[in-house]
Amino acid sequence: MKIQFIERIKEFFEKRRLKKLPDEVLEEKIDKNIEGEETGKISLMVGAVDDEKTQIELAKKVVEAADVSMTTKAAILDELPHKTKVKLFKESVKSKELMAQKDVNTFIKIIVNNKSLQPYDELYYRLDKAFSDSQLTGILQTLKEKRPESYDEEKVLRIVAKQIDVDIKKYGTFLPSHVAQGGLFEQIVIRDDNIQDGERTFDILNAKDKQRLVEALKEEREEMKENPKISLTEKELGMLSDENLERQIDQVEKFKIKRQEELQQQNKGKEI
């Protein structure tokens, strides 16, 4: 604790010292530090810049620099005011990726509050860079509640399918808990004129829903294969084969059937 306190004091005085420097000097120091790969104090330098436009440009330069560590890039976000983060988000794809990975609360706040953004598109394109299944479930729930006007059934289905493909590519499987109450599948709301309120939750036991999901999984797999930034190994291609994708969905379907049977037995026991 004593060491951390001393470090905070040192950082406080370093920030005060940097704040006294002109923006031009700070910009020069940042460029030299990037070139020399001495990036420890870059975040403090960026935070000390007065002119917002200059600050955004310098933050963008650091975030997009290949030789700067993720730790330093994340530290820059900590030094920026929220309104500056919003502008940086809109100007830099790398900054969007960084926020999704290292500052997910800010990422959510931005896509929820900025009506000019398409929140589901922003989420979709970050999936292979960030978000656990539970984080994604929470984000989809938040968007459904706070941006209902932006809800798009097909986009949410594709987001869920892409996340499943990413899970299968990484781990060889995905969690059957997606079909449980509050799980990922529950975030897909299907328009259905055959029921009173006109919409229902995705159901893996519904043949049409299951088929749509399987097709979406295969389409997302093809997107991965065609993406020059993604290199799939033979093993990963095998895990994403038609046969394995269909087998994975069948297993989840069986899981839900088994879970329903267990609940029915539990309810019968309570009645007795």
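Listing for the model above:
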quantity: Glu253 being open to solvent by less than 60 Å² (accessible area, probe 1.4 Å) and over 26 Å from Ala130 (Cα atoms); calculated: yes
quantity: All positions within segment 133-153 that are open to solvent by 50 Å² or more (accessible area, probe 1.4 Å) and under 19 Å from Glu220 (Cα atoms); calculated: Asp152
quantity: Residues of segment 79-103 satisfying the condition of being farther than 22 Å from Ser134 by Cα and open to solvent by 30 Å² or more (accessible area, probe 1.4 Å); calculated: Glu79, Pro81, His82, Lys83, Lys87, Lys90, Glu91, Val93, Lys94
quantity: Near pairs, Cβ below 8 angstrom, 6+ apart or cross-chain, from segment 92-113 (small (Gly, Ala, Ser)) to any residue that is surrounded by fewer than 18 Cβ atoms within 10 Å (Cβ to Cβ) and outside any helix (DSSP H, G or I); calculated: Ser92/Glu64; Ala100/Lys129
quantity: Close pairs from segment 14-29: first modelled with pLDDT of 70 or more, partner assigned to a loop (DSSP other than H, G, I, E, B), Cβ under 7 Å, at least 6 apart; calculated: Asp23/Val49; Asp23/Asp50; Asp23/Asp51; Leu26/Val49
quantity: Test: Asp242 is in contact with a strand residue (DSSP E or B) (Cβ under 9 Å, 6 or more places away or on another chain) and either open to solvent by 90 Å² or more (accessible area, probe 1.4 Å) or modelled with pLDDT of 85 or more (or both); calculated: no
quantity: Single residue of Leu117, Leu143 found to be aliphatic (A, V, I, L, M), modelled with pLDDT of 90 or more and part of a helix (DSSP H, G or I); calculated: Leu143
quantity: Selection from segment 180-239 of residues that are assigned to a helix (DSSP H, G or I), open to solvent by 30 Å² or more (accessible area, probe 1.4 Å), over 20 Å from Tyr151 (Cβ atoms) and touching a helix residue (DSSP H, G or I) at 6+ places or on another chain (Cβ under 9 Å); calculated: Lys210, Glu215, Lys218, Glu219, Glu223, Lys225, Glu236, Leu237, Gly238, Met239
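The values are calculated or read from the model by the stated rules, or taken from the named source; none is laboratory data. Note that the coordinates shown come from a computational prediction; the quantities given were computed from them, not determined experimentally. Quick reminder, even Gly has a Cβ in these numbers, built from the backbone with ideal geometry, and neighbours come from all protein chains shown. Areas reflect the complete protein model, heavy atoms only, side chains present, ligands, DNA and RNA absent. Shrake-Rupley method; radii C 1.70, N 1.55, O 1.52, S 1.80 Å.
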